[in-house]
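Written out below as structure tokens is the structure these notes cover.
The values are calculated or read from the model by the stated rules, or taken from the named source; none is laboratory data. Since the model is a prediction, treat every value here as computed from it, not as a measurement. We place every Cβ from the backbone using ideal geometry, glycine too, and count neighbours over all the protein chains shown.
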């Protein structure tokens, strides 16, 4: 099905011609994916977390990941914002007190150190994502 984004009967004379554009929608594809999905920042998705998945399961998954020798994708959640974006559903801390980042970053660095013991250091980091808030909120100290 093709829909005209700028129907001719609705155009006003603006002195210059409007760009004509045809938008095509694949109805079968829309129906196929017309369902809720995980948020883009959730991997694995929250519903995949299970208390039966313990530390040994995690270590085994890390070892299997090392065997595959694929590149790594890292996500660091930096939840601090000095203003609130009401459209954002990320877990965040709304504050103007930049000193609140210090204890968080100390724990984040410890977590990175612990995780690095599980993963082969020769694996290339192919993607690095900082998200959750405003990573520029962190001061240089």
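Beta carbons closer than 7 Å, at least 6 apart along the sequence or on distinct chains, pair a first residue in the stretch 42-65 that is more than 27 Å from residue 89 (Cβ to Cβ) with a second that is surrounded by 11 or more Cβ atoms within 10 Å (Cβ to Cβ) and modelled with pLDDT of 90 or more for 59/118; 62/118; 62/119.
Taken over the stretch 89-104, residues that are surrounded by fewer than 13 Cβ atoms within 10 Å (Cβ to Cβ) and in a helix (DSSP H, G or I) amount to 3.
If the condition is being over 16 Å from the mean Cα position of the chain (by Cα), closer than 22 Å to residue 111 by Cα and surrounded by 13 or more Cβ atoms within 10 Å (Cβ to Cβ), then the stretch 64-85 contributes 65, 66, 81.
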